[in-house]
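Novice: Sending over a structure as structure tokens; questions will come in a sec.
Computed from the coordinates by the stated procedures, all read-outs in this text should not be read as laboratory data. The structure displayed is predicted, hence computed values, not measured ones. Here Cβ is always computed from backbone atoms with ideal geometry, including for glycine, and neighbour counts include all displayed protein chains.
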Ligand SMILES: NC(=O)c1ccc[n+]([C@@H]2O[C@H](COP(=O)([O-])OP(=O)(O)OC[C@H]3O[C@@H](n4cnc5c(N)ncnc54)[C@H](OP(=O)(O)O)[C@@H]3O)[C@@H](O)[C@H]2O)c1
């Protein structure tokens, strides 16, 4: 079983590399797993010819695309770059996977929805993004579905876990601010599900291993929180005594509009453990 992981130096990418390299068996339950881990230096996914050549060369059975442009505010000014990495390039990978008969796993976000539904969004709800990042991720969803049938499109939310170089998850940022003695202001009126990349990687591997039907899935730690709730849980778990403030979203000047409810309903696969339990494990 040959597995190719793209965006392998990112938070989720590194987690997959560790998971599959630890001898955990192949995605389909066999014993021999051969992992190829590439990031931008090894394969820039925006180069169509390189993508098709390299995938044709190694002929993987499974490609897990963790490469992405995730700067939500910067995407408002760099729409073209975001659309290329999150959108058009997903089509390049999908075409190349289809040509060699590989299954493709790709990740998207709750930010493809408009965030007006407090009940959360099901897998087949109609995406209506409200910012450039969401539109670029929706383009990727469309490119994927147009270019390959054997795909798992996994939407997820508010990731944290293994740190990627030069980037900080919300959990790590809060810990850093608290350690510096900087006052934390946390937004209380936007909602999502903080999700541990390790849980997401395990759930993805289970989804593939169980040979679930191809299509769209929502994989998130269960439960809903605001960033204020998330901060409170971090402070409580770590026994941090300093004050932190509950603020509304307009406290911060942000270029991109955020959906109020980035809440994803997982109606098709086993429920993941609660976000508080997962966070406790990460912080321990
Ligand atoms: N992080 C979240 O809160 C969140 C929420 C919902 C969905 N998701 C989705 O979940 C997936 C994994 O996210 P993540 O947080 O693990 O991402 P990440 O840590 O930002 O990692 C993305 C990786 O992709 C690489 N990359 C960017 N452009 C590339 C290119 N042109 N060619 C090859 N590699 C490239 C990045 O390299 P550079 O660092 O050099 O750019 C980085 O190593 C993504 O699809 C993301 O959109 C994330």
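Novice: Hey, in the GNM for the chain with a 10 angstrom Cα cutoff, which one of 226, 108, 193 fluctuates hardest?
Specialist: 226
Novice: Return the ratio Rg/(2.2 N^0.38 Å) for the range 156-232, where Rg is computed over Cα atoms only.
Specialist: Numbers: Rg = 15.0 Å, N = 77, 2.2 N^0.38 = 11.5 Å.
Normalised Cα radius of gyration, the range 156-232: 1.31.
Novice: Take the alpha carbon gyration tensor of the range 57-126, find the square roots of its eigenvalues, order them as a ≥ b ≥ c, and report rounded if a/c is under 1.5; if not, report prolate when a/b exceeds b/c, else oblate. Present the calculation step by step, with values, prior to reporting the outcome.
Specialist: Values: a/c = 3.03, a/b = 1.49, b/c = 2.03.
It is oblate, given that a/c is not under 1.5 and a/b is not larger than b/c.
Novice: Shifting gears a bit: Relative contact order for the range 132-226: what is it in percent, counting Cα pairs under 8 Å that are at least 6 residues apart?
Specialist: RCO, the range 132-226: 38 percent.
Novice: Comparing 143, 176, 262, which has the greatest mean-square fluctuation in the GNM of the chain with Cα pairs linked when under 10 Å apart?
Specialist: The residue that fluctuates most here is 176.
Novice: Could you line up 202, 61, 106 from fewest to most neighbouring Cβ atoms inside 10 Å? Spell out each step's value before the answer.
Specialist: Working: 202 16, 61 19, 106 28.
Ranked by crowding around the Cβ, least crowded first: 202, 61, 106.
Novice: How high is the relative contact order of the chain, in percent, counting Cα pairs under 8 Å that sit 6 or more residues apart? Don't skip to the answer; put the middle values down first.
Specialist: Details: 573 pairs, mean separation 60.6, N = 284.
Rounded, it is 21 percent for the chain.
Novice: Give me 149, 39, 18 ranked fewest to most by other Cβ atoms within 10 Å of their Cβ, as a rough exposure proxy. Show your work: numbers first, answer last.
Specialist: Working: 149 11, 39 20, 18 15.
Neighbour counts put them in this order, fewest first: 149, 18, 39.
Novice: Let me ask you something else. With everything on Cα atoms, drop me the angle between helix 227-238 and the longest principal axis of the chain, reported from 0 to 90° to the nearest 10.
Specialist: Value to nearest ten degrees: 80.
Novice: Tell me, in nm to one decimal, what length is gained between residue 182 and residue 206 on full extension, where the rule is 0.36 nm per residue of separation less the Cα-Cα distance?
Specialist: That pair, residue 182 and residue 206, stretches by 4.6 nm at full extension.
Novice: Sort 104, 1, 142 by Cβ crowding within 10 Å, fewest neighbours at the top. List each step's numbers first, then the result.
Specialist: On the way: 104 28, 1 17, 142 13.
Lowest to highest Cβ neighbour count: 142, 1, 104.
Novice: Taking only Cα atoms and a 10 Å spring cutoff, compute GNM fluctuations for the chain and point out the largest among 206, 89, 179.
Specialist: In this elastic network of the chain, the residue with the biggest mean-square fluctuation among 206, 89, 179 is 179.
Novice: Relative to the longest principal axis of the chain, what angle (0 to 90°, nearest 10) does the C-alpha long axis of helix 48-58 take?
Specialist: Compared with the principal axis, the helix lies near 70 degrees.
Novice: Expressed in nm², what is the orientationally averaged projection area of the convex hull enclosing the Cα positions of the range 48-167?
Specialist: 8.2 nm²
Novice: Moving to a separate point now. Could you work out the pair-distance distribution P(r) of the chain from its alpha-carbon pairs, with 10 angstrom bin width and percents rounded to whole numbers?
Specialist: Spelled out per bin, shortest first, that is 7, 29, 37, 21, 6, 0.
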